[in-house]
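Undergrad: Let me give you the structure first, and then I'll get to my questions.
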Amino acid sequence: MCGIVGGIAERNVVPILLEGLRRLEYRGYDSAGIAIVAGQNIRRKREVGKVKGLADSLDADPMSGTLGIAHTRWATHGKPCTENAHPHVSRNKVAVVHNGIIENHEDLRCAQKRNGYEFTSETDTEVVVHEINHALETTGGLLDAVKQTVKKLEGAYALGIISTASPELLIACRKGSPLVIGVGIGEYFIASDVAALLPVTQRFIFLEDGDIAALKTDQLVIYDAKGHVVERPIKESGLKPDAVDKGNYRHYMLKEIYEQPFAISQTLEGRFVKNRLQENAFGHNANEIFDRIKSVQILACGTSYHAGLVARYWFERFARVPCDIEVASEFRYRNPVLAPDTLIVTISQSGETADTLAALQEAKRQGAKYSVAICNVPESSLVRESDLALMTRAGPEIGVASTKAFTTQLVTLMLLVIAIGRRFHLPNALEEKITSELFGLPGKIEKALELNDKVKELAEQFAEKEHALFLGRGTHYPIAMEGALKLKEISYIHAEAYPAGELKHGPLALIDADMPVITVAPNNSLLEKLKSNMQEVSARGGQLIVFKDERFSASDDGNVQYIEISQVENEVSPIVFSIPLQLLAYHVAVLKGTDVDQPRNLAKSVTVE
């Protein structure tokens, strides 16, 4: 959940590394640091807080070099402080940056202390740099020392390594955490995300699990997990350097909220012929796999889990196929029982979510034969480990609180429902209706975004609030959950979501005049029951805020406020109703003065367990 950048070139790499850190700051921002090889020494700077602090330090005391590594950290082992910040250095000879978790770090630490190594941090990473330094004493050089070291490491890691012993060499290792190589002319770079390197290259090599890469200005050699020299393909990125700019928006999150109409149109582009979904969009053998499956198991975390919850309703309502969903981190540890011919559906924005990857691997160990990934990153681990995949095409999403990734996941999941529903009980007429509604979504979302000013005004009521409840029914209960998650993520207001029918089973005890109750009220078959639930809140003096379909006729009530959403059909209404909830969370966070794009304690890509 941290950002790595490294480079070896015939020019000064420090400005490149610093810009890379700025572009990766969404992955971690507790501290930042940089190290370069300078003759017989390693020069290092580390600062607590955001990358700007490191940049200011470099302005005051510049450094330069042609070989270096840099890191922006999200704390896992040890609190945010200078001593725990990366890069870590051993005896001024080896420097390392690391993403992931070394699970056997305690055992290694004990052995290294016996060998005379002193520890200056609380991190698991420091054992890596000391182990490499120790191995240098008995091996033929840095590369051999790294190969010997990684055999001792248990857990997940992406590593960038430099040493005064080999001032012409940058080493990159990958196991369980993403790492890419940027290919230049007479120079190479490494990063945990292609976005970091877009200003210097659009040509990338994606390392596989177990790979060790040795990079020089004029040479690149990659060794696989068995130690064999291998070639990995160079892929051209279609992203432009300004793809991760805020543009004229105050925050990335607001920009990404407003990008949703275009993102959804991109999700749908090229996947239909004469308004009929083409199943080969999921993969060349999708037809054969879909013909064989008898049930669906969805695995995801966080916002992606909420998208999966909506999809479960869709699979069972429209396709009439059995569907289960589970939080990925729970699935992998409960010894699950999978029905024969179950399709494993994994959902992840980054495709590197550690728990989701591990859950997919556990499902395979349990005998699952078929899998499909819903993802935003084509070269990600999740995509590579799945039989089929459908890209959401949301484009880069920098804000930690997911917005356009969520809505494009929902659209993509509906495409999967259509494909599988054809084998079960999805009538042609309903498929055509859903398809038509999907193509109308960008326009519906444009209308929903016109509510921005009203939602901004509504947000003022939350400035002093500490708690909020969200209610929904059916497919809109997961939308209420997502609305609550957005509010708590970026405004730090404690928010919970409940199925509206559960009010009387406990949550009503929380209702008073200071408790805002946000209700998602589409015009569907559950509306009358939802109205009764709203009356339960109103009768107890609760402060009701209702996002309703314009066809919902509502009576005036002193403690109820209505935000009206343009008419939208039930099949896709969860996607549209999520928009004003995103706007609400955003504007509340702005009023409360929190860091919207980089909320405390959170990072974008959760690549650790």
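Undergrad: How much net charge surrounds GLU466 when only other residues with a Cβ under 12 Å from its Cβ are counted (Lys, Arg +1; Asp, Glu -1)?
TA: Net local charge, GLU466 excluded: +1.
Undergrad: May I pose another question? Using Cα pairs closer than 8 Å and at least 6 residues apart in sequence, work out the relative contact order for the chain, in percent.
TA: Value for the chain: 12 percent.
Undergrad: Then there's this: Based on the Kirkwood radius over alpha-carbon pairs, what is the Stokes-Einstein translational diffusion coefficient of the range 89-131 at 20 °C with 1.002 mPa s viscosity, in µm²/s?
TA: 204 µm²/s
Undergrad: Assign one of three labels to the range 488-529, namely rounded, prolate or oblate, based on the Cα gyration tensor with a ≥ b ≥ c the square roots of its eigenvalues; rounded applies when a/c is under 1.5, prolate when it is not and a/b is larger than b/c, and oblate otherwise.
TA: Note, shape of the range 488-529 comes out oblate.
Undergrad: Before anything else, pin down the relative contact order of the range 252-592: Cα pairs under 8 Å, at least 6 apart, normalised by residue count, whole percent.
TA: 18 percent
Undergrad: Let me know the shape class of the range 61-208, please: from the alpha-carbon gyration tensor, a ≥ b ≥ c as square roots of the eigenvalues, rounded when a/c is under 1.5, otherwise prolate if a/b is greater than b/c, or oblate.
TA: Since a/c reaches 1.5 and a/b is larger than b/c, the shape of the range 61-208 is classed as prolate.
Undergrad: Arranged by the count of other C-beta atoms within 10 angstrom, fewest first, what order do GLU316, GLU256, GLU457 take?
TA: Working: GLU316 14, GLU256 26, GLU457 11.
Ascending Cβ contact count within 10 Å gives the list GLU457, GLU316, GLU256.
Undergrad: Considering only the other residues whose Cβ falls under 9 Å of the Cβ of LYS79, what net charge follows from Lys and Arg at +1 and Asp and Glu at -1?
TA: Around LYS79, the surrounding residues sum to -2.
Undergrad: On to the next question. Averaging sequence separations of C-alpha pairs under 8 Å and six or more residues apart, then dividing by the length of the range 3-236, give the relative contact order as a whole percent.
TA: Here the relative contact order equals 21 percent.
Undergrad: Explain nothing, just compute: Karplus ³J(HN,Hα) = 6.51 cos²θ - 1.76 cosθ + 1.60, θ = phi - 60°, for every residue of the range 302-310 in order, whole Hz, x for Gly and Pro.
TA: Each residue of the range 302-310 in turn: x, 4, 4, 5, 5, 4, x, 4, 4 Hz.
Undergrad: Further question on the same structure: Using a Förster distance of 60 Å, how high is the FRET efficiency between LYS447 and ASN12, based on the Cβ-Cβ distance and rounded to 0.05?
TA: My answer for the efficiency is 0.75.
Undergrad: Taking amide H atoms as placed 1.01 Å from N in the peptide plane, list the residues 5 or more away in sequence, or in a different chain, whose amide H sits under 5 Å from that of ILE190.
TA: Sorted by chain and number, the residues that satisfy this are GLY6, GLY7, GLY182.
Undergrad: How about LYS369: which lysines have a C-alpha closer than 16 Å to its C-alpha, ignoring those fewer than 8 places off in the same chain?
TA: Partners found: LYS294.
Undergrad: Taking the square root of 5 times each eigenvalue of the Cα gyration tensor, what semi-axes in Å does the equivalent ellipsoid of the range 252-592 have, largest first? Don't skip to the answer; put the middle values down first.
TA: Details: eigenvalues 221, 86, 77 Å².
The answer is 33, 21, 20 Å, longest axis first.
Undergrad: Next question. Any chance you could get the radius of gyration and Dmax over the Cα atoms of the range 359-400, in Å?
TA: Spelled out, the Cα radius of gyration and Dmax of the range 359-400 are 12.0, 37 Å.
Undergrad: Step through the residues of the range 384-390 one at a time and calculate ³J(HN,Hα) from phi using the Karplus curve (6.51 cos²θ - 1.76 cosθ + 1.60, θ = phi - 60°), rounding each to whole Hz and writing x for Gly and Pro.
TA: So the J values, rounded to whole Hz, are 5, 8, 9, 6, 10, 7, 9.
Undergrad: Run the helix sum for the chain: -39,500 (n - 2.57) per DSSP H stretch of 4+ residues, divided by residue count, reported at 222 nm to the nearest 500 deg cm²/dmol. Show your work: numbers first, answer last.
TA: Working: 18 runs with 204 residues, N = 609.
Mean residue ellipticity, 222 nm, calculated: -10000 deg cm²/dmol.
Undergrad: Taking the Kirkwood radius as the inverse of the mean 1/r across Cα pairs, report the Rg/Rh of the range 410-479.
TA: Checking Rg against Rh, the ratio lands at 1.14.
Undergrad: Around GLU437, under 12 Å between beta carbons, what's the net of Lys plus Arg minus Asp minus Glu among the other residues?
TA: -2
Undergrad: For each of ILE185, ILE205, count neighbouring Cβ atoms within 10 Å of the residue's Cβ, then give the residues from fewest to most.
TA: Listed from fewest to most nearby Cβ atoms, that is ILE185, ILE205.
Undergrad: Now for a different question. Given a Förster radius of 30 Å and the C-beta distance between ASP144 and LYS240 as r, what FRET efficiency does 1/(1 + (r/R0)^6) yield to the nearest 0.05? Display every interim value, and only then the final one.
TA: On the way: r = 40 Å, r/R0 = 1.33.
Calculated transfer efficiency: 0.15.
Undergrad: List the lysines whose Cα sits under 19 Å from the Cα of LYS50, skipping any in the same chain fewer than 8 residues away.
TA: Partners within reach: LYS79, LYS246, LYS604.
Undergrad: Moving on to the next point. In terms of Cα to Cα distance under 12 Å, which aspartates and glutamates are near enough to LYS175, apart from those fewer than 8 places away along the same chain?
TA: Output for LYS175: GLU154, GLU208, ASP209, ASP211, ASP224, GLU352.
Undergrad: Right, something else. Describe numerically, in nm with one decimal, the distance between label points set 7 Å from Cα along Cα→Cβ at GLU564 and at ASN115.
TA: 7.3 nm
Undergrad: How would you rank THR66, THR356, THR392, going from fewest to most other Cβ atoms within 10 Å of each one's own Cβ?
TA: Numbers: THR66 19, THR356 30, THR392 27.
Result, fewest neighbours first: THR66, THR392, THR356.
Undergrad: While we're here: Using only C-alpha positions, report the orientation-averaged shadow area of the convex hull of the range 20-147, nm², one decimal.
TA: 8.0 nm²
Undergrad: What nm distance separates the two modelled labels at PHE439 and LYS454, each placed 7 Å from Cα along Cα→Cβ?
TA: Label at PHE439, label at LYS454, 2.9 nm between them.
Undergrad: Here's a follow-up. Return one number: the angle in degrees, 0 to 90 and rounded to the nearest 10, between the long axis of the Cα atoms of helix 51-60 and the longest principal axis of the Cα atoms of the chain.
TA: Once rounded, one gets 40 degrees.
Undergrad: Further question: Provide Rg over Rh for the range 330-457; use the alpha carbon set for both Rg and the Kirkwood Rh (inverse mean inverse pair distance).
TA: 1.03
Undergrad: In whole Hz, what ³J(HN,Hα) sequence does the range 469-483 give by Karplus (6.51, -1.76, 1.60; θ = phi - 60°), x for Gly and Pro?
TA: Per residue, the Karplus-derived 3J(HN,Hα) values read 10, 10, 10, x, 9, x, 5, 8, 5, x, 5, 5, 4, 5, x Hz.
Read-outs throughout are calculated quantities, based only on the coordinates presented, and are distinct from any laboratory measurement. None of the values given here were measured: they were computed from a predicted structure. Virtual Cβ from ideal backbone geometry, glycine too; neighbours counted across all protein chains shown.
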